[in-house]
Structures are given as C-alpha cells and as structure tokens.
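Contents: one structure, followed by commentary.
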Amino acid sequence: MKIQWLFTSVVCLIFSCQTKDNQSENSSNELPSYELEVLDSVTVHDILTRVFLFQTADEDGIIFRDGASSDVYLFDRDGNPTGKWDKTGDVPGAFSMTGGNFAQDKAGNLVILDIMNGLKVFKKDGEIVQNFGIYQNQWSLGGPFSHFKTYQVIEKGGKEYLLYSLDIIEEAPGDYDPEFLQTRRNLILSDLETEETKTFLPFPEGSQFLNGNVFFFADFRPVFSYDEKSQLLYLMFQNEPILYTYDWSGESPVLKEKTALNLEGFAAGEGFEKGAVSFAQIFDYKIIPYPSQILNLEKYGDDLLISYKPTPANKDDIARVIAKEASKELRAELSKEAKMRTVVLTQDGDIIPLALPEMNPYNFSVIGEDIWWMKKYVGEEEQEDFTLYRSRLVKK
C-alpha cells in the first residue's frame, strides 16, 4: 500500500450558485465583531514529545497525545499528571501516527480512527472497549498535524456512530475518470457497537466536482459538522466555497440549502482532463503551490466557524514559484498571504473575519461552547512546557 506524506496546507471559479446578498468579508459598523475571551488556562510541565497535541477535555481532566506516536497523557484540570499509556507495536488496540485526534462518546470513552490500524474505542485508562479493523485500505493520506477534527461521534436513533471520510473509500477503479466522481460516496458512518459501516452522500447536483473533469483528492476531501439538536449536517468540500446544509432528521441526509460563500482570496480550481491526475493523488504542489483549502467547519452556537487558506492574488508571483524563479523573500511573502484565516458565518448569512491570537500551528479545537488552543511557543530551546487556553467566542 503506497502512502504519500504531504505536510503543507491548496485559481478562480465564478459559480452559478446564488450568494446571499448580505454576505460580507469586511467588517462594518452595522455588523458585529467577535473575539476570543479567555476563561482560564493550564500549563503542563516537563513534556518530552515530538508533536504534543491537545485531544479533548471534560470535567474530569484534559487529554493530550504525541501525534508522532501512540503516547497518551492525562492531566487533571489544574495540569497535574494523572496517567500515561500507549498502544505501540503488536498489541491489541495498537494505533500509530496515522491516527486522528481522539473524540469522545457519550460515556466519555476515547474514539480514534487510524487508517492503518482501524477504529478503536478506549476507556480513559487505555482499556480497550472496541477494536475494529480497517474499513478500507488507503492508498494515500495527506495533511498536517492539527487540532481540527476530521471525524465526529454522533447519536442517531439512540445509537452512537462515527461519522468520517477517507481519501480512498472504495476499491481502485479501472480508470480514474469523471464517471468515478459521478458515483462516489463521500462520507462514512460506522456503528460504534457493531462496526456496521456504510458509505453515503454523493456530490450534490451543481458541484464543481461533477463538471466533467478529474480532481486531486485533497480538493474534494469533505469537512463537516453535525448538529444533533437541529439534526442538520453542514458540509463543505476543501476546494469548493459552497456550504451544503442537509436535513438529517430521517434515515439519510436530504439537501436543504446550498450557499455560495464569498471567502476573500479563495480560488477554486476547475480540475484536469482525464489522465492528467492519477488515482489517489492527494495533491501536487509543484503545479499548484498555494491551493485554496477549507480546513475546518464547526457549528458554534447559532453560527458557523470556517477556517480556510486563501490563494495569493498575484498570479505572476505564483508562476515564478512554479518556475523555481522566486526569491526567498517572495516565497515568504506569498506564504504569509496564504496563511490560514477564520471567519464567522452568522445565521443571517454575514461573513465576519475573526482575529485569532497567536496560536500553536496546530490551530484550535471546539468542544461544546469552549474553544481550546495552545499558546504559540517563542522560545529558542526545545519546548517542554505547554500552555492550553479555554476560551469562548464573544460578540463585541
């Protein structure tokens, strides 16, 4: 199985989907502004890991993991260590750096999806609750370490499921052509008790991914958020600035609304002719060095938080990068322009930029009403102490 590691974040589509008239990328006196208000923080000390990632928190404590291994660290809410365990090697429940972030089920168990080792459910002390196999072997994977969630534990009909996606969720087709995208199902639902799994949700009518071309898999990797209270599923594809809202009160999601979003600097691609992109190719930064990407979508109160990376505006500068003629200074300038942005999409359809504090590059995590993030480290020596903040979004 071929694994391609891509650790970077990826031009302009004018789409026919109707944009709400009151969408705006610019703050005005008529629109509210938002900021993160810190509620409290905790610092954990003497940590020796390669990639220290916040995972989840509840009233009992805080959980971290080394993203480059299977080491799990437990602390109380004051930052005192309460336990540590790992699932390395040939042991039941083993997972690796290909695992995502822990989610929690209603009982507080830890759920992790590892595309190499399968779906696992643990008690907080590391005891195995469920140890499911791999749904589908993956040909490739891509993406940086992040606090952003890539799957979600949801409850429907009194049962708990893991809602997720994989870059490759089907057997390799004989040919990677536009017909492949016509029939592809983009989400997966696994019963956390029985492991019964199904794929569902094709591309909606009018999606750019049905335009007769083929695309990199990173372009149509979905980001989503399911709201159990309203039974609405919010979904976007990473290189398409359209929010799809589904009514999931029944057995299957039904498309309710399609909203084109005017995200400043976002440039969607038109795809490639058949044969130009190979099956399972995540991306090619040599030909598109600064692709626009929707990175995260979170329901937060009545609003949505959308994090994305824009594409630099100057096409000539991008061409210099592709031709390997760009100076170090120009590349740095373009990387700054392509830095992640976060906006609030209000229930009225307004798009309001959110100025975030300097964070650890792994970004933030939303748990209920709280937004958790790690302070950016500016020291010269290797970091051993990590500060975690609990915040809430407030309207000014």
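Counting Lys and Arg as +1 and Asp and Glu as -1, each charge on the Cβ, what is the dipole of the stretch 122-232 about the Cα centre in debye, to the nearest 20?
In total the dipole reaches around 340 debye.
When Lys and Arg each count +1 and Asp and Glu each count -1, what net charge do the other residues less than 13 Å away from residue 335, Cβ to Cβ, add up to?
My count for the surroundings of residue 335 gives +1.
If you average the alpha carbon positions of the stretch 60-117 and of the stretch 119-159, how far apart do those two centres end up, in angstrom?
Here the answer is 11 Å between Cα centres.
Taking only DSSP H segments of four or more residues, each worth -39500 (n - 2.57), what value at 222 nm results for the chain once the sum is divided by all its residues, to the nearest 500 deg cm²/dmol?
Theoretical 222 nm ellipticity from helices: -1500 deg cm²/dmol.
Residue 396 to residue 80: extension gain in nm, 0.36 nm per residue of separation minus the Cα-Cα distance?
This chain segment gains 110.3 nm when fully extended.
How large is the charge dipole for the chain, taken about the Cα centre, if only the Cβ atoms of Lys, Arg (+1) and Asp, Glu (-1) carry charge, to the nearest 20 debye?
In debye, rounded to 20, the chain gives about 600.
For residue 328 and residue 211 in the same chain, what is the full-extension length gain: residue separation times 0.36 nm, less their Cα-Cα distance, in nm?
Length difference between fully extended and current span is 38.4 nm.
Taking 7 Å along the Cα-to-C-beta vector as the label spot, tell me the residue 314-residue 270 distance in nanometres, rounded to one decimal.
Computed distance between label sites residue 314 and residue 270 equals 2.5 nm.
Hey, got a sec? Which trypsin sites (Lys or Arg not before Pro) in the stretch 248-321 land in a DSSP loop and have at most 13 other Cβ atoms within 10 Å?
Loop-located and lightly packed - 286.
Counting other Cβ atoms within 10 Å, which GluC sites (Glu not before Pro) in the stretch 97-189 have at most 12 and lie in a DSSP loop?
Answer in residue order: 127, 170, 171.
Distance between Cα centroids, the stretch 203-266 to the stretch 278-303: provide it in whole Å.
Spelled out, the Cα-based centre of one part sits 13 Å from the other.
What size of dipole, in debye to the nearest 20, comes out for the stretch 252-315 about its Cα centre when the only charges are +1 on Lys and Arg C-beta atoms and -1 on Asp and Glu C-beta atoms?
My answer is approximately 200 debye.
So which of 274/309; 286/309; 124/396 end up more than 29 Å apart, counting from Cα to Cα?
Those over the limit are 124/396.
List the pair-distance distribution P(r) of the stretch 60-144, using every Cα-Cα distance, as the percent of pairs falling in each 10 Å bin from 0 up to the bin containing the longest distance, rounded to whole percents.
Distribution as computed: 17, 52, 26, 5, 0 percent.
Stretched out fully, how many nm does the piece from residue 180 to residue 257 gain, at 0.36 nm a residue minus the Cα gap?
Separation in residues times 0.36 nm, less the Cα-Cα distance, equals 25.2 nm.
Taking the Cβ of each residue in 149, 123 as the centre, tally the other Cβ atoms inside 10 Å and list the residues starting with the fewest.
Final ranking by Cβ density, sparse to dense: 123, 149.
Give me the distance in nm between label points sitting 7 Å out from Cα along the Cα-to-Cβ direction at residue 228 and residue 377, one decimal.
3.5
What is the ratio of the Cα radius of gyration of the stretch 114-237 to 2.2 N^0.38 Å, with N the residue count, to two decimals?
Output field value: 1.13.
Once label points are set 7 Å from the Cα along Cα→Cβ at both residue 385 and residue 43, what is their separation, rounded to one decimal in nm?
In this crude spin-label approximation the distance works out to 0.3 nm.
The numbers here are math on the coordinates, done by the rules we state, and not lab data. From a predicted model like this one, the values you see are computed outputs, not experimental measurements. All Cβ positions, glycine included, derive from the backbone under ideal geometry; neighbour counts span all protein chains shown.
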